[in-house]
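For reference, the structure is listed below as structure tokens.
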Amino acid sequence: MRLNIAVIPGDGIGPEIVREAKKVLDVTVEQFGHELIYTEVLMGGASIDACGVPLTDEAIETAKAKDAVLMGSIGGDAATSPWYQLPPHLRPEAGLLKLRKSLGLFANLRPAVLYGELKGACPLKEEIIGDGFDMMIMRELTGGLYFGERRTEEVDGLLTAVDTLTYNENEIRRIAKRAFDIAGKRRKKVCSVDKANVLDSSRLWRKIVEEVAKDYPDIMLEHMLVDNCAMQLVKNPGQFDVILTENMFGDILSDEASMVTGSIGMLSSASLNDTKFGLYEPSHGSAPDIAGKDLANPIATILSAAMMLRFTFDLDEEAAAIERAVQQVLTEGWRTADIMSEGCTQVGTRKMGDLIAEFIIKGVGL
Ligand code: IPM
Ligand code: MG
């Protein structure tokens, strides 16, 4: 198979983690006899520096013409980077939002998994961790507060800002269906999170989710208010399978869920549209403080590349080969600084990529 991929290294640690993900992809496709064609695309601060805007129309067209996008991370330190002196629509994050919207990437999948080997990094007590947890946050990504009308103006002599949270039933229906489909391949539970005791948008959300649920009689549905969900994530994370929620709640809850795993450097994500096209990126940010120091953990990006093979290209065996290699590296005690613990061996970004690539070659050869 020929895989056409747009690659966005981005800012901060982005270029080094993407370099390692490409290394791992390269050995994987070689082992399995595929061909990979990468096309580099600028976005975020890198694009601001080169083109004056965080994402050009040509960059969008280039990405659209490929099968998938593999991304590192974008953005810098808001306190010191000149990118944050620019008006909001010209800052790095605006590029990412524009890309999500232009490619129609409404379904954001963010797995939060506690790896047995990394239990020590989990900030929760042993009795709460129990047998561990493995949840999938399905975040709506192209609606709600992020894309509603907004303005700041003077009203009666007072500066007043307005952001609008809008959802129509179709936007809710399509993400709900995705959540139920994914739950069907997992533990068959959907927890839909909203704020239906206050917001109209949440009441519509709940109504449509209930309608969709009728087509999935084997999936258990529950509703949870977002404030309660934030609490339950630290009280009993093991109760969750698929969490389905709107854009802003999903942004907040997915950070919480990843922190709870203790290893945000391990968590991948996929943003999908109605077709097989997807944008794959780590769940973490650009960590400008450790950029270029060979300290970043490339595993989240490597696992995002595995998600890409599985979701966009249906290459399950190839994806599993990468996931097994990551597992093997952990089992053998190799760790980057963020997940280091006693008795393990600390390695840098590059060495971690080398090890995973080596394990893929060995694994496939067996
Ligand atoms: C995320 C990030 C983005 C978001 C930012 C960078 C705009 O926090 O992907 O979760 O809020 O969606
Ligand atoms: Mg976020």
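For the reader, a short list of remarks on this structure follows.
- Using the Cβ-Cβ distance between Ala320 and Leu199 with R0 set to 41 Å, the FRET efficiency from 1/(1 + (r/R0)^6) comes to roughly 0.50.
- The chain gives an Rg/Rh value of 0.96, both radii derived from C-alpha positions and Rh following Kirkwood.
- Most fluctuating residue given options Gly104, Gly12, Gly116, as computed from a GNM of the chain linking Cα atoms under 10 Å: Gly116
- Virtual spin-label span in nm between Glu358 and Arg151, 7 Å along Cα→Cβ: 6.2
- Chain lengthening between Thr39 and Leu159 when straightened (0.36 nm per residue, less Cα-Cα): 38.7 nm
- What the pair-distance distribution of segment 93-238 shows, using all Cα-Cα distances binned every 10 Å from zero, is 10, 32, 32, 19, 5, 1 percent.
- Among Arg91, Arg203, Arg350, residue whose mean-square fluctuation peaks in a GNM of the chain (springs only between Cα atoms under 10 Å): Arg203
- Once the mean of 1/r is taken over each pair of separate Cα atoms and inverted, segment 22-112 shows a Kirkwood hydrodynamic radius of 14.8 Å.
- Shown for Phe359, Phe249: other C-beta atoms within 10 Å of each C-beta, ranked fewest to most, produce the order Phe359, Phe249.
- Point-to-point label distance, Asp227-Ile128, nm (Cα→Cβ direction, 7 Å offset): 1.9
Every read-out reported here was derived from the displayed coordinates using simple, explicitly stated rules and does not represent laboratory data. Quantities reported herein were computed from a predicted structural model and do not represent experimental measurements. Methodologically, a virtual Cβ is constructed for each residue, glycine included, from the backbone with ideal geometry; neighbour enumeration extends over all protein chains shown.
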